[in-house]
C-alpha cells in the first residue's frame, strides 16, 4: 500500500545514500576531491586508490552503514502499511529503500549527482535483508582481496557470490530477491566496466592492506 509516509521514507533513504562520504572525508582531512583523481568515482575503491587505507576503510564502512540504515527504515512503518517483518511485502519495501539508497550513492544530490559505484552501499542493503548471504560475500571479498589486492575484482566476485548465495547456498524463495540479486550482477558489471578493462590489461591499481598507500 503506497502512502505519502511510505514515499517520504523512500526519499529519506535516497538522502541517506546521497551522503558523499568519499568526497567529504577527502576534502575535510586531505583537501582533495577524490573525483578529480584515479577513476574519478566518489567511492571506497577510488578512495583506497587515491588516499590509502586510512581514508578508504572509513569511507567503506560508512557507505555500508548508509545502505544498511536506509534499508532498515522499513521498520519505521507499521505492519498495517507494509505487512509483517517477514512478509514478502515488507522485504519488497526493504528492497525499494535499498535501491533508493544505492541511487543516492550513484547520483548524490549533495555532491552534484557525481557519486561512486554503489558496491559498499549495496552490501549494506544485502546485510540488512539476508545476513547469511552477506557474510558469505564478506568472506569471499576478503579472500579475493588478500590474494589479488584488487578491490574492484573482489567487489565483482563478491557480487556474483550473492547471487549464488540466495539461489543455491542459502536459497530465498522470494522472486524479487532473486531478481534483485541478478540486477546486482548486471549493475556491478556496468559500473566496473573500466575496472574490468584495466584488469584485463594488467593496469588496475592494487591495494596493500599492510601499507598506508596504494601500490
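Every number here is computed from the coordinates shown, using simple stated rules; none is lab data. Bear in mind the structure is a predicted one, so any value in this text is a computation, not a measurement. Every residue, glycine as well, gets a Cβ built from its backbone with ideal geometry; the counts of neighbours run over all protein chains shown.
Using C-alpha pairs under 8 Å with a sequence gap of at least 6, the mean separation divided by the residue count of the range 4-201 gives a relative contact order of 21 percent. When peptides 153-159, 124-130, 52-58 are ranked by their average number of other Cβ atoms within 10 Å per residue, the highest-first order is 124-130, 153-159, 52-58.
What separates the Cα centres of the range 138-212 and the range 41-70 is a distance of 15 Å. With one equal scatterer per alpha carbon and no solvent term, the Debye-computed log10 I(q)/I(0) for the chain at 0.09, 0.11, 0.16, 0.18 1/Å reads -0.34, -0.51, -1.03, -1.26. Computed from the Cα positions only, the extents of the range 30-79 along the three principal axes stand at 46, 18, 17 Å, in decreasing order.
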